[in-house]
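The values are calculated or read from the model by the stated rules, or taken from the named source; none is laboratory data. Every value quoted in this text rests on a predicted model; they were computed, and no experiment measured them. Positions of Cβ are generated from backbone atoms using ideal geometry, with glycine treated the same way; all protein chains shown enter the neighbour counts. For the accessible areas, the whole protein counts, side chains as well, though only heavy atoms, and no ligand, DNA or RNA atoms are used. Shrake-Rupley method; radii C 1.70, N 1.55, O 1.52, S 1.80 Å.
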Amino acid sequence: MTGLYDDPMRQPAAEPYWNTNVARHSGILGAVPEGCGDALDVGCGDGLLARKLAGRAKRVTGIDKSPEMIACAREWVTNHPQLTFVEGDFLAADLPAAGYDFVCSVTAIHHMDFEAAIVRMRELLRPGGTLVVVGLARETSVTEWAALIAAAPIVRITKVPRRARGPQGMPVADPKMSYGQVRAAARRLLPGVRYRRHVLRRYSLTWDKPIS
């Protein structure tokens, strides 16, 4: 899937803010299947990505357990019936099994039990649907630390001029899993998953659910 993840140096002029999560949005949007009926954004925050998904899917649901983030998301979407925001725990929320053509999550899965979250996303996806997870992990191996150090100048010159920031009140947490652990678990739970490590200290998982 060449070109799935766009150049992180590019900042669309219309963005209300930019950060290393927003840098991944264009690639996520590019993975939405043609004719997508229902999309789910797990850990939607203030709803920025969900609002963009509304241009690619007929119906979009965003879920987040932060009352502040959901309140912010709902403020942006008055008179947009194709957008729904749910406040709640993704792992326990009442969501339709095999109810979505596209499921995505951006830097939220490290706030949850990784394996439980991946299994739930897999179950919520319709056959033939696409899952994209962008996540944050920690460095534990020499190779991972070397990659972080090598990328530091690029990260600095990318984030500083753009005054990287996010919405106020966004919950934060330190990742518990290493990149290697994420990759191994994802390959076990999502056979055929495409794993990619990104410069701006993120990884991505892209998986197409088999039709049969």
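For VAL86, the amide hydrogen comes within under 5 Å of the amide hydrogens of GLY62, ILE63, ASP64, counting only partners 5 or more places away or on other chains and with H modelled in the peptide plane. Taking label positions 7 Å along the Cα-Cβ direction at both ARG138 and GLU123, the computed distance is 2.9 nm, reported to one decimal.
The overall shape of region 13-104 is rounded: from the C-alpha gyration tensor, with semi-axes ordered a ≥ b ≥ c, the ratio a/c is less than 1.5. Karplus-based coupling profile of region 171-176, in residue order and whole Hz: x, 10, 7, 7, x, 9, with θ = phi - 60° in 6.51 cos²θ - 1.76 cosθ + 1.60 and x standing for Gly or Pro.
For region 56-131, what class follows from the C-alpha gyration tensor (a ≥ b ≥ c being the square roots of its eigenvalues): rounded when a/c is under 1.5, otherwise prolate if a/b is larger than b/c, else oblate? Since a/c reaches 1.5 but b/c is at least a/b, the shape of region 56-131 is classed as oblate.
The stretch between THR78 and VAL199, if pulled fully straight at 0.36 nm per residue, gains 39.9 nm over its current Cα-Cα span.
Close amide-amide hydrogen proximity is noted between GLY37 and LYS58, ASP101, each under 5 Å apart and 5 or more residues distant or on a separate chain (H modeled in the peptide plane; Pro and chain starts excluded). How much accessible area does SER212 have with a 1.4 Å probe, in Å² rounded to the nearest 10? Using a 1.4 Å probe on the heavy atoms, I get roughly 140 Å². Approximating the spin labels as points 7 Å out from Cα along Cα→Cβ, the ILE211-to-GLU15 distance works out to 3.6 nm. Annotation for region 58-104: trypsin sites (Lys or Arg not before Pro) lying in DSSP loop with at most 14 further Cβ atoms inside 10 Å of their Cβ are LYS58.
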